[in-house]
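Enquirer: Pasting a structure here, questions to come.
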Amino acid sequence: MELETRLSTLPINKQLEAVQRIFQSLAMAYGKRQADLWREQDMQAVWKDWADALQGCSLGAIKHGIDLAKLDTGNNPPTQGQFLALCKTYRPEVNKLQLVHRLTPEQIEENKRRIAEITNNLAKKQRA
């Protein structure tokens with residue numbers, strides 16, 4: 001899957017898998033503190049709630065949120081709102097568009113000459 005794919009475009013089972021991976025990553029980073037947040041909770045309902053909250057996020061933004069959350073393991077694991085805020089700081093890499101031409105310098109000069117000729121002919125027709 002592409003990093004720019006939005007969570008909302010995935011089937012619900014894939015959305016829940018993505019959220020489960022978030023929780024697994026946070027559990028690896030935060031250990032018991034992560035598990036304690038959700039003790040005695042219906043995890044299916046929690047994952048569904050997180051999936052609903054993250055609908056507008058791309059997979060790249062979610063990965064970014066996980067990466068940022070893992071950097072701050074000295075504190076408590078992020079809440080849903082805190083995690084969503086981390087995701088919203090994601091800025092995708094911008095690909096630079098580079099125009100490439102395969103014309104020789106001679107072809108470029110010939111094209112310039114032809115453009116000038118066409119322009120002159122059009123100007124003569126307008127004056128006539």
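Enquirer: Which one of Gln55, Gln107, Gln41 has the biggest mean-square fluctuation once the chain is modelled by GNM with Cα springs under 10 Å?
Expert: Gln107
Enquirer: Over the chain, with a Gaussian network built from C-alpha contacts below 10 Å, which listed residue (Asp42, Asp52, Asp72) shows the highest mean-square fluctuation?
Expert: Asp42
Enquirer: Which lysines have a Cα lying under 28 Å from the Cα of Lys112, excluding residues fewer than 8 positions away in the same chain?
Expert: Excluding near neighbours in sequence, the set is Lys96, Lys124, Lys125.
Enquirer: Excluding same-chain residues fewer than 8 positions from Lys48, which aspartates and glutamates have a Cα within less than 15 Å of its Cα?
Expert: Here the aspartates and glutamates satisfying the reach criterion relative to Lys48 are Glu17.
Enquirer: Go through [x] 14, 51, 33, 3, 0; [y] 12, 46, 34, 7, 0; [z] 11, 31, 18, 6, 7, 11, 10, 5, 1 and flag the label whose value is the computed P(r) over Cα pairs in 10 Å bins from 0, in percent for this structure.
Expert: Recomputing P(r) over Cα pairs in 10 Å bins from 0, in percent here picks out [z].
Enquirer: Follow-up. Quick check for you: which residues of the stretch 1-15 have the amide N under 18 Å from the point 7 Å beyond the Cα of Ala45 toward its beta carbon?
Expert: none
Taken together, the values in this text are just the output of simple stated rules run on the coordinates, not laboratory data. For clarity, every value in this text was computed on a predicted model and none was experimentally measured. Positions of Cβ are generated from backbone atoms using ideal geometry, with glycine treated the same way; all protein chains shown enter the neighbour counts.
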